[in-house]
1. So how strong a dipole does region 26-111 carry about its Cα centre when Lys and Arg Cβ are +1 and Asp and Glu Cβ are -1, to the nearest 20 debye?
2. Report the paramagnetic label zone for MET1: residues of region 14-37 whose backbone N is under 15 Å from a point 7 Å from Cα along the Cα-to-Cβ axis.
3. Among TYR45, SER76, ALA7, pick out the residue whose Cα is farthest towards the positive end of the charge dipole of region 3-116, where Lys and Arg carry +1 and Asp and Glu carry -1 on C-beta, about the Cα centre.
4. Could you work out the pair-distance distribution P(r) of the chain from its alpha-carbon pairs, with 5 angstrom bin width and percents rounded to whole numbers?
5. Cβ under 11 Å from LEU77's Cβ, LEU77 left aside: what net charge do those residues give with Lys, Arg +1 and Asp, Glu -1?
6. Among the aspartates and glutamates, select those whose C-alpha is under 14 Å from the C-alpha of LYS81, and discard any that sit fewer than 8 residues away in the same chain.
7. Among the trypsin sites (Lys or Arg not before Pro) in region 67-103, which ones are in a DSSP loop with at most 12 other Cβ atoms within 10 Å of the Cβ? Mind listing them?
8. Mind checking the full-extension length gain between LYS57 and TYR45? Use 0.36 nm per residue of separation minus the Cα-Cα distance, one decimal, nm.
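Every number in this text was worked out from the coordinates using simple rules, so none of it is lab data. Worth saying up front: this structure is predicted, and the values here are computed from it rather than measured. Neighbour counts run over all protein chains shown; Cβ positions are idealised from the backbone, glycine included.
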Amino acid sequence: MSDLEKAEIINNALEAGPSIPFPNFSKLFKTWLEVLCSVTEENRYDMFSNYFRQIIKKPENIIIFNLDGIFGVFSSLDDSKQKILSKSIQSVFERLDEESKRVLVLLTPKIARNVIGF
């Protein structure tokens, strides 16, 4: 897919996510995280970097999510999957410019920042 197509899909997901009842959303999100654990690091990096880019461009899209609930879904994964995802997220975060890092830190619940490592 082109970068434009990826951005459109991600923006649609970010806009639609909060309208899905959280019990349903949490099942979808957990499945997505588990699938991400089974793909290559390169694909995970690409996915997370694309999401981060869109969140940084439009932080209002992530603010309306139940971020504590989303982190709860992440926390429900077994430790090995959490480590796989955290490593990918850290890799993306480390390569961001300082302003983008600042935005993400402000948007991320403190407990999530501590567990994921940024």
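1. Values: 13 positive and 12 negative charges, 30 e Å.
Computed about the Cα centre, the dipole is about 140 debye.
2. In region 14-37, the label zone of MET1 (backbone N under 15 Å from the point 7 Å along Cα→Cβ) covers 14-17, 32-33, 36.
3. SER76
4. With 5 Å bins starting at 0, P(r) equals 2, 11, 21, 26, 26, 12, 2.
5. Numbers: positive: LYS30, LYS81, LYS83; negative: GLU34, ASP78, ASP79.
Combined, the nearby Lys, Arg, Asp and Glu give 0.
6. GLU34, GLU41
7. Values: sites: LYS81, LYS83, LYS87, ARG95, LYS101, ARG102; in loops: ARG95.
Counting only loop positions with at most 12 other Cβ atoms within 10 Å, the trypsin sites (Lys or Arg not before Pro) in region 67-103 are ARG95.
8. Details: separation 12, 0.36 × 12 = 4.32 nm, distance 1.81 nm.
Stretched fully, the LYS57-TYR45 segment lengthens by 2.5 nm.
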